[in-house]
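Values in this text are rule-based calculations from the coordinates and carry no lab data. Owing to the predicted nature of the structure, the values given are computational and were not obtained by experimental measurement. Cβ: placed from backbone, ideal geometry, glycine included. Neighbour counts: every protein chain shown.
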Amino acid sequence: MLMILFILLLLAGIAVPGIWVKYILRKYSEPADRYRVKGSGAELARHLLDRFNLQDVGVELTSAGDHYDPQARAVRLAEDRYHGHSLTAITVAAHEVGHAIQHARGERLFRNRQALAGIAARAQRFGGFVLLAAPVVMLTTRAPGLGLGFIAIAVGSMLLGTLVQLITLPVELDASFGKALPVLQEGQYLHDGDLPHARRILKAAALTYVAASLLSLLNIGRWLAVLRR
């Protein structure tokens, strides 16, 4: 009974941050036309980039989720943020511009995050490949110990990827509260009374990366459940 309770609490701890992030971003997506007079998320992003002399950074529509791509030097926004006029749209746009500012200034935290992100991606890809290979190894060698060793290496690699992603949280927090929030305040881009709500959105924007990392742990659990069958 205690083990079941522990597992349920663990699953809740992994899933709740992602649920909260989605709830906050969806909540402040209404009213959808709150900032129509001031512009869409894409228009605000373009304005802020120009304000910080980042004319070489583009603003693009994406289906892969809001993010800043340092290789392409582009702020990429999902459709409802790119074309949207909600508080969520403009606040998330400001957060992603915050990453472009970090990149332009060559900030150490951002540079370290990029290096670690590469390690995380490679570790998770390697872990996925080894996990797929484990049952094949067990069947062909008839050595359960070797197969279990493969599974341990795979899980360790994927956990490393998740851990690396989690320790880059300071970069996300800085993009939200060290860059986006001061810009939104000083530029008076927000309507009266919206600042506390923008803070919640910026916290959610910073935790989006963390929530995705935690949810990747559930994928590991699903893989292991499949292998046990």
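Note down the magnitude of the dipole of segment 24-228 about its Cα centre, charges +1 on Lys and Arg C-beta and -1 on Asp and Glu C-beta and zero elsewhere, to the nearest 20 debye.
It comes to approximately 680 debye.
Convex hull over the alpha-carbon atoms of segment 24-228: what's its volume per residue in Å³?
Considering the Cα atoms of segment 24-228, their hull volume per residue is 120 Å³.
Over all Cα pairs of segment 54-173, how is the pair count split among 10 Å bins, expressed in % and running from 0 up to the last occupied bin?
In order of increasing distance, the bins hold 13, 30, 26, 16, 11, 3, 0 percent.
What does the charge count around Val171 come to, taking other residues whose C-beta lies under 13 Å from its C-beta (Lys +1, Arg +1, Asp -1, Glu -1)?
Summing Lys and Arg as +1 and Asp and Glu as -1 gives +1.
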